Amino acid sequence: MPSASADSKRIVLLHGNDEFRVEQEARAVFKERCPDAEANESLSVIRGDVDTVDQALDAIRGTLSAVQSLNMFSSENVTWLREVKFLSGTVFKSEEVKSSVEKLQDTLSKGLGPEQLLVITVCGKVDARSRFLKALKSVAEVREFSKSTKDWEVRKESVEALRSALADRGIRVDPAALEEMAARVGNETRLMMQEVEKVDLYLGERRELHVRDVEYMVGARQEAQVYQLGDCIATRDLNRAMRMLQQMETQGLSSIGVIATLHNTLREMAYLRALIQEGAAAVQSNGRFGKLVYRDPGAEEGFRRLTGDKKRSPFRQFQLGRQSQAFTPGQMDRMLRLSADTYDAMLRSPFPQYELLRILVLRIFYSCVKKSA
């Protein structure tokens, strides 16, 4: 089959270890090529982030059915096979899955008609040697979005990406602030964009970013993600908490580091909750921003000792105090006991450590969070 131009190809394959950019690019493709697809119900989304053979087979069958069907309400039939995981790993070892993938690639290798558009996003990089990739190269627009895993390249990538993202928002940043922010967020694109948005809102009309602003607003990479996990608990968002744990596991974050940071976060929240209960501290909030006011000098010194002299930014102390108000002191104590038990189990038990973390979040949610809702 002669190679089609990129614009005329009806299959788009997006892959790479930068899953945030893969997702962004998929949405950009839909916006450019079929902006009304979701509104007129011509977009079908098929989840490819499966864990079992049966789920993989269902996803493949659903995709085959979608690309071989016509839409009754639109001249174009749009399909998104999203976050595919069955092209490698344990599920792909199944002969049934391999056979179904071959059937899918044989069908797609013949190309799709002008009434079809198929976007495939893959979790991770597709091996260049894979038969699936080779079969689609002549009929699909293939784009890779990858980020470095080498320490010396990570910092460089992060600096350049941050510089670009801040410039797009009209924010001028001094070199020291840029380096400090890059050191704190690494090259995790989703986290980076969240921090840029947060900084943008914080600056308001002031369009200059300095080191003091970064120190106030931006947490370290692993800490920032665990802080967001704490946010999920405080806002009673169990689904997002589970997705964040999956993301941390995929990124290879140390499970011991996660439980240690989470336990320390809960300990700090419990301390601040007790202070607020006693009137020794108060949260002064102005929407998303604000500050924690210590009414007793000894209370602030106690917090400093609790954190082991690790500096907590004023904004982070405000966040912790605000989050702690979602619970009673008794509930905070209960969460602390649960996290301590999990920490001990992770050191002693052969059970998968991220599974223990998921069980901890479920126990916290159902024994504390749900009851405070």
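The values are calculated or read from the model by the stated rules, or taken from the named source; none is laboratory data. In this text, all values refer to a predicted model and were calculated from it rather than measured experimentally. All Cβ positions, even for glycine, are placed from backbone atoms using ideal geometry, and neighbour counts span all protein chains on display.
Okay, residues lined up against (1) farther than 16 Å from G62 by Cα; (2) within 27 Å of the chain's Cα centre (by Cα); (3) among the charged types (D, E, K, R):
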position: L81; (1), (2), (3): no, yes, no
position: E96; (1), (2), (3): no, no, yes
position: A128; (1), (2), (3): yes, yes, no
position: A140; (1), (2), (3): yes, no, no
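Do you know which of the residues in the range 337-352 that are surrounded by 12 or more Cβ atoms within 10 Å (Cβ to Cβ) and of a type in the set (A, V, I, L, M) is nearest to I364 (Cα to Cα)?
If we take residues in the range 337-352 being surrounded by 12 or more Cβ atoms within 10 Å (Cβ to Cβ) and of a type in the set (A, V, I, L, M), then L338 is nearest to I364 (Cα to Cα).
With the requirement that a residue be closer than 19 Å to G113 by Cβ, of a type in the set (A, V, I, L, M) and either over 26 Å from the mean Cα position of the chain (by Cα) or modelled with pLDDT under 90 (or both), what does the range 12-42 give you?
A37, the sole residue that qualifies.
Among the listed residues T250, T265, identify the single one that is closer than 27 Å to E197 by Cα, among the hydroxyl-bearing types (S, T, Y), part of a helix (DSSP H, G or I) and modelled with pLDDT under 85.
Being closer than 27 Å to E197 by Cα, among the hydroxyl-bearing types (S, T, Y), part of a helix (DSSP H, G or I) and modelled with pLDDT under 85 holds for just one of T250, T265, which is T250.
Residue under question is S158, and the condition is that it be modelled with pLDDT under 90, touching a strand residue (DSSP E or B) at 6+ places or on another chain (Cβ under 7 Å) and at negative phi; does it hold?
no
Give the residue, chosen from S285, S324, S339, that is among the polar types (S, T, N, Q), touching a residue at least 40 places away in the same chain (Cβ under 8 Å) and within 26 Å of K198 (Cα to Cα).
Residue meeting the stated conditions: S324.
Which residue out of D49, D127, D54 is surrounded by fewer than 18 Cβ atoms within 10 Å (Cβ to Cβ), of a type outside the set (G, A, S) and part of a helix (DSSP H, G or I)?
D54
Please enumerate the residues belonging to the range 259-285 that are among the β-branched types (V, I, T) and in contact with a strand residue (DSSP E or B) (Cβ under 7 Å, 6 or more places away or on another chain).
I276, V283 - these are the residues of the range 259-285 that are among the β-branched types (V, I, T) and in contact with a strand residue (DSSP E or B) (Cβ under 7 Å, 6 or more places away or on another chain).
Being in the same structural domain as K110 (by TED's automatic domain parsing) and either more than 27 Å from E157 (Cα to Cα) or free of Cβ contacts under 8 Å to residues at least 12 places away in the same chain (or both), is that true of even one residue in the range 15-26?
Within the range 15-26, one or more residues are in the same structural domain as K110 (by TED's automatic domain parsing) and either more than 27 Å from E157 (Cα to Cα) or free of Cβ contacts under 8 Å to residues at least 12 places away in the same chain (or both).
Within the range 296-330, can you find the residues that are surrounded by fewer than 13 Cβ atoms within 10 Å (Cβ to Cβ) and assigned to a loop (DSSP other than H, G, I, E, B)?
If the condition is that a residue be surrounded by fewer than 13 Cβ atoms within 10 Å (Cβ to Cβ) and assigned to a loop (DSSP other than H, G, I, E, B), then G308, D309, K310, K311 are the ones that fit.
Just to be sure before I move on: is E83 surrounded by 15 or more Cβ atoms within 10 Å (Cβ to Cβ) and either in contact with a Gly (Cβ under 7 Å, 6 or more places away or on another chain) or in the same structural domain as E188 (by TED's automatic domain parsing) (or both) in the structure I sent?
In short, yes.
State the number of residues belonging to the range 258-309 that are among the hydroxyl-bearing types (S, T, Y) and over 11 Å from L320 (Cβ atoms).
Total satisfying the criteria: 3.
Can you tell which of V214, V196, V226 is at pLDDT below 80 and either of a type outside the set (G, A, S) or assigned to a helix (DSSP H, G or I) (or both)?
So the residue among V214, V196, V226 that is at pLDDT below 80 and either of a type outside the set (G, A, S) or assigned to a helix (DSSP H, G or I) (or both) is V226.
Taking only the range 132-146 into account, find how many residues are not basic (K, R) and not in a strand (DSSP E or B).
Final tally of qualifying residues: 8.
Which of the residues that make up the range 99-146 are within 11 Å of K9 (Cα to Cα) and of a type in the set (D, E, K, R)?
K137, E141
Would you mind finding the one in L292, L275, L201 that is buried (at least 20 other Cβ atoms within 10 Å of the Cβ) and either touching a residue at least 60 places away in the same chain (Cβ under 8 Å) or part of a helix (DSSP H, G or I) (or both)?
L275
Return a yes/no flag: does the range 281-295 have any residue that is among the hydroxyl-bearing types (S, T, Y) and in contact with a Lys or Arg (Cβ under 8 Å, 6 or more places away or on another chain).
yes
Has the range 233-245 got at least one residue that is at pLDDT 80 or above, part of a helix (DSSP H, G or I), of a type in the set (A, V, I, L, M, F, W, C) and outside the structural domain of F315 (by TED's automatic domain parsing)?
no
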